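S.K.: Here it is, the structure in full.
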Amino acid sequence: MNTHTDNNSDVDISKFINTLLKQKWYIFFATAIAVAIGLYHVLNLPNYYTSSVVLVSEKSEDSVGSGLGKLTSLAGISMPRSGADKLSIAIKLLESRNFIGKFFEENKLEADFFAVKEWDQTSNSLVYNSEVYKDGKWLRKESALKSSKPTYKELTERFINNNLVYKQDKESGFMSISVTHYSPYIARDTLESLVNFINEESRLKAINTSNKKIEYLADAIQRTENASMKSAFYDMLLLEEKDKMLASVNSEYVFTVLDPAFLPSDKAGPKRLIILIMFAFVGGVIGTLIALLKEFFFKGKSNEES
């Protein structure tokens with residue numbers, strides 16, 4: 001019984017191979033056409049470049065921890081000290097529409113990422129999609145929900161999906177960020193500006209928060225008559241003043257650059273050979289299907305009619 005099944009399988013495989021050999025020209029032509037299309041496609045794909053930076057971030061201590069510990073101890077409550085994770089905050093900023101949109105707007109990068117088509121290496125200039133952006137003007141058709149200029153949401157989605165890659169290690173505080181662009185200069189400069197923007201926005205926010213805390217603690221010290229609570233508030237005030245001072249003088253507030261952004265000399269893509277192989281594979285599959293249809297479907301149909 002098994003021998004009969006194996007013989008049938010051998011016959012089917014042999015018939016299949018003979019059919020492919022008989023109809024090999026269909027497979028060849030389909031593959032050749034697909035390769036030609038793929039070759040035209042890959043030759044018209046612009047190169048893109050990737051610049052990377054390696055950063056380190058330390059977990060920040062909660063400045064009110066010591067004073068808060070005194071307050072909770074007065075009430076007989078045990079409370080662990082905790083600090084805000086600067087790295088987690090930075091990740092949230094990178095994913096924030098408002099942050100990325102503001103970054104693009106302040107650095108005038110909207111057209112360089114949203115409307116660019118390729119980079120002219122000879123003149124070191126960007127070539128824009130003339131249907132979207134031309135002579136400094138946005139030409140996209142406006143609607144009730146969209147203006148001609150890309151929104152913060154569109155800029156963020158395009159940047160995160162096409163240009164930005166980051167990897168983090170929360171335990172060590174290390175983080176790598178990469179920016180990809182048709183121009184190696186734009187890739188490097190945007191990455192440097194992005195790191196500086198994260199540090200500056202976080203630094204200003206920390207100073208503003210500290211000012212509010214200091215104002216509240218100073219008022220609390222004036223209003224409190226209890227000596228222990230006054231001492232606790234005073235400790236919190238000193239620590240908050242320390243944090244404000246560190247934020248004010250430290251330009252690398254969130255990230256310290258370990259390996260700075262570089263100007264990429266070699267292209268990161270596209271992987272033209274892989275794309276061409278994929279086209280050839282698809283062409284071969286299509287050619288095989290055509291050969292099988294011609295041999296078994298159309299030929300069988302022709303025999304039935306005769």
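S.K.: Out of Glu154, Glu252, Glu192, which single residue is under 22 Å from Asn98 (Cα atoms) and in contact with a Pro (Cβ under 8 Å, 6 or more places away or on another chain)?
M.R.: It is Glu192.
S.K.: Thr3: at pLDDT below 85 and exposed (fewer than 10 other Cβ atoms within 10 Å of the Cβ), yes or no?
M.R.: yes
S.K.: Taking the range 166-181 as the search range and keeping residues that are in a strand (DSSP E or B) and without any contact (Cβ under 8 Å) to a residue 24 or more places away in the chain, which one is farthest from Ser96 (Cα to Cα)?
M.R.: Asp169
S.K.: Is it the case, given these coordinates, that Ala268 is surrounded by 14 or more Cβ atoms within 10 Å (Cβ to Cβ), at pLDDT 90 or above, among the small types (Gly, Ala, Ser) and in contact with an Asp or Glu (Cβ under 8 Å, 6 or more places away or on another chain)?
M.R.: No: the conditions fail for Ala268.
S.K.: Mind telling me which of the residues Phe298, Phe281 ends up being within 21 Å of Phe28 (Cβ to Cβ), in a helix (DSSP H, G or I), of a type in the set (Phe, Trp, Tyr) and modelled with pLDDT of 90 or more?
M.R.: Exactly one residue qualifies, and that residue is Phe281.
S.K.: Within the range 168-185, track down each residue that is closer than 18 Å to Pro46 by Cβ and of a type in the set (A, V, I, L, M).
M.R.: Once the filter is applied, which keeps residues that are closer than 18 Å to Pro46 by Cβ and of a type in the set (A, V, I, L, M), the range 168-185 yields only Val179.
Residue-by-condition table, conditions (1) out of contact with any His (no Cβ under 7 Å at 6 or more places or on another chain); (2) modelled with pLDDT under 70; (3) not in a loop (DSSP other than H, G, I, E, B):
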residue: Ser14; (1), (2), (3): yes, no, yes
residue: Tyr49; (1), (2), (3): no, no, yes
residue: Ala84; (1), (2), (3): yes, yes, no
residue: Ser88; (1), (2), (3): yes, no, yes
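S.K.: Another one. Being part of a helix (DSSP H, G or I), over 30 Å from Asn129 (Cα atoms), touching a Ser or Thr at 6+ places or on another chain (Cβ under 9 Å) and of a type in the set (D, E, K, R): is that true of Glu215 here?
M.R.: No, not satisfied.
S.K.: Suppose we filter Glu225, Glu200 for residues that are part of a loop (DSSP other than H, G, I, E, B) and in the same structural domain as Lys117 (by TED's automatic domain parsing); which single one remains?
M.R.: Glu225
S.K.: Any idea which of Glu154, Glu192 is acidic (Asp, Glu), surrounded by 14 or more Cβ atoms within 10 Å (Cβ to Cβ) and within 23 Å of Ser251 (Cα to Cα)?
M.R.: Glu192
S.K.: Here's something else I'd like to know. Going through the range 130-151 one residue at a time, which ones are closer than 22 Å to Phe103 by Cβ and part of a loop (DSSP other than H, G, I, E, B)?
M.R.: Selection gives Val132, Gly136, Arg140, Lys146, Ser147, Ser148, Lys149, Pro150, Thr151.
The values are calculated or read from the model by the stated rules, or taken from the named source; none is laboratory data. Since the structure is predicted, the reported quantities are computational estimates derived from the model, not experimental observations. Virtual Cβ from ideal backbone geometry, glycine too; neighbours counted across all protein chains shown.
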